Amino acid sequence: MVTARGRAYDQYREMKTTPVDGLQIILMAYKRIRENIDHSIKMIDEKKYYEKGQKIANSLDLIHELMSSLDMDKGGEIAKQLNDLYLSCIHHLMVANEKLDTKRLRQVDHIIKNIEDGFLAIEQKRLEGQGLAVHEDDLSE
């Protein structure tokens with residue numbers, strides 16, 4: 001019998017051993033948020049509301065983590081705008097959760113996708129500056 005702890009340990013062992021920088025962590029968070037939203041929409045369609053709620057809660061947790069990582073002093077206007085976008089996403093997720101509103105979930109997905117695209121462009125330029133060729137699919141895995 002495999003326990004939850006055993007599965008978690010197996011997943012941990014299978015993780016890549018390459019170091020991950022802050023930008024890659026942010027990109028992973030955006031990817032996970034978008035996966036959760038996609039799954040939430042499917043769960044609403046299938047009337048599996050508990051699972052929908054879990055995925056939305058996970059997305060909310062990730063967005064709160066992203067917000068807490070913002071350096072408002074060093075980030076200036078960009079950090080303020082990101083914070084405002086994250087607050088908007090939180091609001092839409094909470095309303096979508098309560099009202100089973102897939103349109104709002106898609107709005108959040110669109111917002112996160114736009115932010116993610118901006119960070120992907122930053123990562124692309126950074127890697128090009130290091131002389132590394134990169135494809136978008138490599139960055140979002």
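The values are calculated or read from the model by the stated rules, or taken from the named source; none is laboratory data. Computed from a predicted model, the values in this text were never measured in an experiment. With ideal geometry, Cβ positions are generated from the backbone for all residues, glycine too; neighbour counts draw on all protein chains shown. For the accessible areas, the whole protein counts, side chains as well, though only heavy atoms, and no ligand, DNA or RNA atoms are used. Shrake-Rupley method; radii C 1.70, N 1.55, O 1.52, S 1.80 Å.
Between K74 and D45, with labels modelled 7 Å along Cα→Cβ, what's the label distance in nm to one decimal, could you check?
So the two model labels end up 4.2 nm from each other.
Counting only the backbone N, which residues of the range 113-127 are under 20 Å from the spot 7 Å out from the Cα of D84 toward its beta-carbon?
Hits in the range 113-127 for D84 at 20 Å: 113-119.
Put S88, S40, S69 in order of accessible area, largest first, 1.4 Å probe: what do you get? Walk me through the numbers on the way to the answer.
Details: S88 40, S40 0, S69 80 Å².
Sorted by accessible area, descending: S69, S88, S40.
What does the C-alpha gyration tensor say about the overall shape of the range 26-81? Classify as rounded when a/c is under 1.5, otherwise prolate if a/b is larger than b/c, or oblate.
Working: a/c = 3.54, a/b = 3.06, b/c = 1.16.
Prolate shape, in that a/c is at least 1.5 and a/b is the bigger ratio.
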